[in-house]
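The values are calculated or read from the model by the stated rules, or taken from the named source; none is laboratory data. Keep in mind that what you see is a predicted model, and the values were worked out from it rather than measured. For neighbour counting, all protein chains shown are included, and Cβ atoms are generated from backbone atoms with ideal geometry for every residue, glycine included. Surface areas here come from the heavy atoms of the whole protein model, side chains and all, with no ligands, DNA or RNA. Shrake-Rupley method; radii C 1.70, N 1.55, O 1.52, S 1.80 Å.
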Amino acid sequence: MESFEALRGTVRVTRTSGEDATDQWRALHAKVDKTGLYPVICRDESCIDNIVQVLEDLRADGVTMDSILASATPDTLKKYRATRASDVQDAPRDEFEPCDDEDEEDSYEASMPSSVADFDGEFLDEVLILHVPAQNGWEAIANLGWGNFNDCPRPEVHAAQIRNWHERYGAELCVVCDDTLEFLVRRRPQSQDEAIELALEMYALCADIVDQGTESIEALAAPLLVSNSWFFWWD
């Protein structure tokens, strides 16, 4: 296990192949109660460099994991969603078209994040796993001080939202790159209406996944009924 200089004393790093990364993440995640280290997959060192820059800026301003978590309240999330209400109301809409029938292999245990592979679906030769001092995903994102760039929310909003989705859907933070978050999810929404409401929450957090991705809330919502992985990307 190695330590990047800017993260020394905070986050340790191990290297693995893209093919093995998800299994290693699962094994480490299963032991987080004992180790006190929450694992997150990161694509490469350039992602870490960008994470470090944001973290250093926050620390220079006196922001800490504890102060972020203290602000990561349901009220903070409510206020943030209120600031996005008009954008959500104007989000692109379309007819709901269900995805193919559920694949029995597409479960929490079988799912893997897309960040362990390239755009052609080939596993990356190497990815990194960050070992973040935290018990939960929302604490890990707070410890990394992740967010607050371009249209990406501040870290306390992410922490509040991650805790909310963990409680409702068993969402486990799996990937943290410089502009990407991914989750493996234990419980899917149970109806079309619930999936659309969840997609609207996702749009409030990350409009790019629709505006530069699925092109409608309904197209974002449909896979939520059959998939156990979530992807977020900020331009």
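At a glance:
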| quantity | calculated |
| --- | --- |
| Verdict on Asp66 being modelled with pLDDT of 80 or more, of a type in the set (Asp, Glu), surrounded by fewer than 16 Cβ atoms within 10 Å (Cβ to Cβ) and out of contact with any strand residue (DSSP E or B) (no Cβ under 8 Å at 6 or more places or on another chain) | yes |
| Selection within segment 22-63 - charged (D, E, K, R) and either surrounded by fewer than 17 Cβ atoms within 10 Å (Cβ to Cβ) or part of a helix (DSSP H, G or I) (or both) | Asp23, Arg26, Lys31, Asp33, Lys34, Asp44, Glu45, Asp49, Glu56, Asp57, Arg59, Asp61 |
| Meets criteria (loosely packed, with under 13 Cβ neighbours inside 10 Å and assigned to a helix (DSSP H, G or I)) for Ser115 | no |
| Those strands (runs of 3 or more DSSP E) lying entirely in segment 129-235 with at least 1 residues open to solvent by 50 Å² or more (accessible area, probe 1.4 Å) | 229-233 |
| Boolean, Thr83 is surrounded by 14 or more Cβ atoms within 10 Å (Cβ to Cβ) and of a type in the set (Ser, Thr, Tyr) | no |
